[in-house]
1. If you check every pair at least six apart or on different chains, which have Cβ atoms under 6 Å apart with a residue in segment 129-147 that is more than 18 Å from residue 289 (Cα to Cα) first and a residue that is among the β-branched types (Val, Ile, Thr) and surrounded by 24 or more Cβ atoms within 10 Å (Cβ to Cβ) second?
2. Listed residues 192, 152, 123, 179; which is surrounded by fewer than 21 Cβ atoms within 10 Å (Cβ to Cβ) and without any contact (Cβ under 8 Å) to a residue 12 or more places away in the chain?
3. Is there a residue in segment 93-112 that is over 11 Å from the mean Cα position of the chain (by Cα), part of a loop (DSSP other than H, G, I, E, B), modelled with pLDDT of 95 or more and over 27 Å from residue 184 (Cβ atoms)?
4. Where residues in segment 157-176 are touching a residue at least 24 places away in the same chain (Cβ under 8 Å) and in a loop (DSSP other than H, G, I, E, B), which of them is farthest from residue 230 (Cα to Cα)?
5. Can you say whether residue 4 is at pLDDT below 95 and outside any loop (DSSP other than H, G, I, E, B), as far as the supplied structure shows?
6. Taking interchain pairs and intrachain pairs at least six residues apart, which have beta carbon atoms under 6 angstrom, with the first residue in segment 91-108 and over 15 Å from residue 225 (Cα atoms) and the second modelled with pLDDT of 85 or more and hydrophobic (A, V, I, L, M, F, W, C)?
7. Checking residue 262 against (1) more than 19 Å from residue 179 (Cβ to Cβ); (2) touching a Cys at 6+ places or on another chain (Cβ under 9 Å); (3) in a strand (DSSP E or B), which test does it fail?
8. Counting only residues that are closer than 15 Å to residue 194 by Cβ and either part of a helix (DSSP H, G or I) or in the same structural domain as residue 132 (by TED's automatic domain parsing) (or both), how many does segment 223-240 have?
Amino acid sequence: MNPASEPRFCANGQRQPRVAVIGAGKVGSTLAQRVAEKNLADVVLLDIVEGWPQGIALDLMQARGLEGHDRTIIGTNDYADTADCDVVVITAGRPRTPGMDRSDLIKTNASIVVNAAKEAIAQSPNAIFIVVTNPLDVMTYLAWEATGLPQQRVMGMAGVLDSSRLQAFIAMELGVSMQDVETLVLGNHGKQMIPLARYCTVKGVPLPQMTDAETIERLIDRTRHGGSEIVGLMQRGGAYFAPASSIYVMVESILCDRSRVVSAAAYLQGEYGIEGLFLGVPCQLGREGVKTVIELPLEATEQQAFIDSAATVRQNIETAQTLLAGNSQDG
């Protein structure tokens, strides 16, 4: 273990909070920057590419004086350096390319996420896990299985980002402050996500009273394809600023026990008529993970869309489990 990666303690004897970010791509490295520069926690940034996370960490450390914080950022290729982290964020995996759906990544990313989850939990048995790798709802379930953790300590970053995208599109369309817009997106992190227009407001005014149905449907459609739109524009990568900010909101609520209500992929035990899956729902996040899943009344069409979304996730989980079993036999 790198001595510099050992937990630090405050003058009062309390241990400094630590966040492990598994995967030092653009999402992971931007998240590391957010966490450190907002003075939330020390960061351990891990990647399989030798030198890459170390270089990013050194670059961020050299900016500490300019950014005015004393957080440590460690880059490593060794899971031993992630020991005793409070939160583990898994971003590792292959990103989408133009024309690729999130579900196309199942075969590639399933083994990556399972391995990362097993390695990380061995070092940080008390951590809370946030999964970001796509297809997110499926990977969250696999990480939960791999860690053996209670369901409230594993979650996926989904609806936070999707809701933020819808929030941005509404504010841009209506010419209002982003701060006045509240949005809610349920379901899986993909084309079957369920943006609920009647739960979206502008300073408390329901969105359907602010604009017409055709405009709302256009904004919803753009939200469903929000990630693909960026992938198509960038060609050589995907979104990372907004995803990193979305993860940060979740990490902060957990470490600071803020009980913020966000839409995240949480384990359902009968809520919304779904059993045994991680899907995007409004929930409270605190120091123990998912504190409460909030069940909203849905209209018949919304409920059916949620069930259809769940069916796709369940089918993709079975596909992933089959692929993992095949890989195990081949090994």
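The values are calculated or read from the model by the stated rules, or taken from the named source; none is laboratory data. The shown structure was predicted, so the numbers you read here are calculated from the model rather than taken from an experiment. Backbone-built Cβ (ideal geometry, glycine too); neighbour counts: all protein chains shown.
1. From segment 129-147, the pairs are 133/90; 133/113.
2. The match here is 179.
3. There is no residue in segment 93-112 that is over 11 Å from the mean Cα position of the chain (by Cα), part of a loop (DSSP other than H, G, I, E, B), modelled with pLDDT of 95 or more and over 27 Å from residue 184 (Cβ atoms).
4. 176
5. In short, yes.
6. So the pair list comes out as 91/27; 91/132; 92/22; 92/112; 92/116; 93/112; 106/320; 107/323.
7. So the condition that residue 262 fails would be (1).
8. From segment 223-240, those closer than 15 Å to residue 194 by Cβ are 223-226; that's our starting set.
Those left that are additionally either part of a helix (DSSP H, G or I) or in the same structural domain as residue 132 (by TED's automatic domain parsing) (or both): 223-224, 226.
Of the residues in segment 223-240, 3 are closer than 15 Å to residue 194 by Cβ and either part of a helix (DSSP H, G or I) or in the same structural domain as residue 132 (by TED's automatic domain parsing) (or both).
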